[in-house]
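For reference, the structure is listed below as structure tokens.
The values are calculated or read from the model by the stated rules, or taken from the named source; none is laboratory data. Since this is a predicted model, take the numbers as computed values, not measurements. Cβ atoms come from the backbone with ideal geometry, glycine included; neighbour counts cover every protein chain shown.
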Amino acid sequence: MSRRRPATAVIAVVVGAIATATLGVTAAAATPAGSAEQSGTTDLRVATFNLSLNRNAPGQLVADLSTGTNAQAKTVAEIIQRANPDIVLLNEFDYVPDGLAADLFRDNYLEVSQGGADPVEYPYAYVAPSNTGVPSGFDLNNNGVIGGGDDAFGFGVFEGQYGMAVLSKHPIDTSEVRTFQNFLWKDMPGALLPDDPATAEPADWYSAEELEVMRLSSKSHWDVPVEVGGNTVHVLASHPTPPTFDGAEDRNGLRNHDEIRFWADYVTPGQTSRYITDDAGDSGGLKPGESFVILGDQNADPLDGDSVDAAIDQLLGHPRITDPLPTSDGAVEAAQVQGGANLTHEGDPRYDTADFNDNPAPGNLRADYVLPSRDLRVTDAGVFWPVQADPLSALTGSFPFPSSDHRLVWVDVRVHG
């Protein structure tokens with residue numbers, strides 16, 4: 001890509017203003033990047049989208065994004081165009097070195113009108129390696145065989161599967177990015193390490209040797225500083241493991257809890273975050289007063305599903321965090337139409353962000369979150385989940401989904417300079 005410098009953090013020259021898109025009943029049109037309603041403030045739309053652009057083998061995503069004609073890529077790109085966020089985290093976007101996949105997705109899909117929507121340009125992007133598919137060299141699932149996705153540091157059949165990317169209309173300060181891909185689970189004080197129920201010893205699912213290499217993050221945790229109107233907003237991006245696909249030891253459920261806890265600790269200044277060390281060897285979390293937004297598919301619902309009790313409450317109840325409670329009418333309709341597990345859920349379906357199997361479980365859940373710091377005033381929020389009568393519902397559809405089983409979640413905040 002000649003216009004973008006190929007690197008782990010991909011940056012390009014800022015291009016022209018972005019036209020707003022119409023979202024129909026699902027969301028209000030976004031304010032153009034960098035606009036201000038009053039002096040010293042910038043209105044910012046931040047989104048997270050697990051767009052399920054993961055592929056089954058290395059090279060497949062690059063092949064699909066090289067054509068400009070891949071049906072799924074066109075559909076998820078149109079959703080992003082219609083939501084028109086200023087910053088968006090993409091989950092389940094395979095990691096490709098040098099930012100090639102991010103370049104292709106922007107060039108061939110986002111910057112080309114999809115379904116009549118206005119193109120959207122993201123001059124700045126950040127991508128970095130993921131723990132998914134990286135061999136651990138150990139039998140982490142204790143099935144007697146070493147190898148395969150379940151024995152990788154994060155589940156994946158090849159390195160980088162289910163990765164992440166941050167796209168932004170505002171400059172990314174790549175010199176200050178912090179990654180925590182290599183942080184060890186055992187180094188979290190009070191970590192919920194899984195226990196082998198067949199033995200008398202506590203917290204012994206992983207051997208001492210395995211704990212010396214076992215990473216906390218199933219993908220990675222990133223602190224990506226974005227410069228917005230003279231202020232820095234820290235984009236805290238992650239994708240904790242699903243709290244399923246394990247046994248009585250609940251190793252994935254416990255890991256999910258602690259991956260979520262990582263950010264709760266990170267945004268708490270002082271002793272609570274002092275244990276955290278990034279991949280460059282620097283310690284500690286955010287400083288008091290720093291602005292942030294926690295983004296990602298957290299794979300945890302406050303009331304339903306298989307996550308450890310109160311896993312997501314570590315963020316929703318945090319004194320430095322605002323929960324904007326994004327909603328959609330489409331989620332309410334889907335729960336009613338699909339029935340099954342949805343009929344027994346405790347949570348209000350209007351907050352759901354993922355359309356999961358309803359028979360027998362888990363049903364639709366709130367899994368995806370945009371959680372700003374309290375200094376960022378929330379002005380609006382929503383979930384891109386149109387009702388069936390809306391023509392845009394063709395973008396979300398029903399199983400097998402034309403886009404993803406997750407919905408784009410967006411929050412509008414006002415950033416003070």
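In the condition set (1) over 19 Å from Leu140 (Cβ atoms); (2) surrounded by 14 or more Cβ atoms within 10 Å (Cβ to Cβ), Gly230 is compliant with all but (2). Within segment 193-206, residues that are without any contact (Cβ under 8 Å) to a residue 40 or more places away in the chain sit with their Cβ atoms under 6 Å from residues that are buried (at least 17 other Cβ atoms within 10 Å of the Cβ), at 6+ positions apart or across chains, in these pairs: Pro202/Asp195; Ala203/Leu193; Ala203/Asp195; Asp204/Asp196. With respect to the conditions (1) free of Cβ contacts under 8 Å to residues at least 60 places away in the same chain; (2) of a type outside the set (Ser, Thr, Tyr); (3) closer than 23 Å to Glu78 by Cα; (4) not in a helix (DSSP H, G or I), Glu333 lacks only one, and its number is (4). Contact map, segment 105-126: first residue closer than 26 Å to Val177 by Cβ, second residue assigned to a loop (DSSP other than H, G, I, E, B) and among the basic types (Lys, Arg), Cβ cut-off under 8 Å, separation 6 or more or different chains; pairs are Glu121/Lys169; Tyr122/Lys169; Pro123/Lys169; Tyr124/Lys169.
All told, Gly137 falls short of being without any contact (Cβ under 8 Å) to a residue 24 or more places away in the chain, of a type outside the set (Val, Ile, Thr) and either part of a loop (DSSP other than H, G, I, E, B) or closer than 17 Å to Val224 by Cβ (or both).
Can we say Leu286 is more than 17 Å from the chain's Cα centre (by Cα), of a type outside the set (Val, Ile, Thr) and farther than 30 Å from Gly229 by Cα?
Working: more than 17 Å from the chain's Cα centre (by Cα): yes; of a type outside the set (Val, Ile, Thr): yes; farther than 30 Å from Gly229 by Cα: no.
Judged against the criteria, Leu286 is not a match.
Looking at this structure, is Pro85 of a type outside the set (Asp, Glu) and closer than 17 Å to Val409 by Cβ? Taking the combined requirement at face value, the residue satisfies it. When Asp375, Asp358, Asp390 are checked against the criterion of being over 21 Å from the mean Cα position of the chain (by Cα), assigned to a loop (DSSP other than H, G, I, E, B), in contact (Cβ under 8 Å) with a residue 12 or more places away in the chain and within 30 Å of Asn231 (Cα to Cα), a single residue qualifies: Asp375.
Scan segment 39-50 and give yes if some residue there is at pLDDT 95 or above, touching a Ser or Thr at 6+ places or on another chain (Cβ under 8 Å), of a type in the set (Ser, Thr, Tyr) and surrounded by 21 or more Cβ atoms within 10 Å (Cβ to Cβ), otherwise no. Taking every residue of segment 39-50 in turn, at least one turns out to be at pLDDT 95 or above, touching a Ser or Thr at 6+ places or on another chain (Cβ under 8 Å), of a type in the set (Ser, Thr, Tyr) and surrounded by 21 or more Cβ atoms within 10 Å (Cβ to Cβ).
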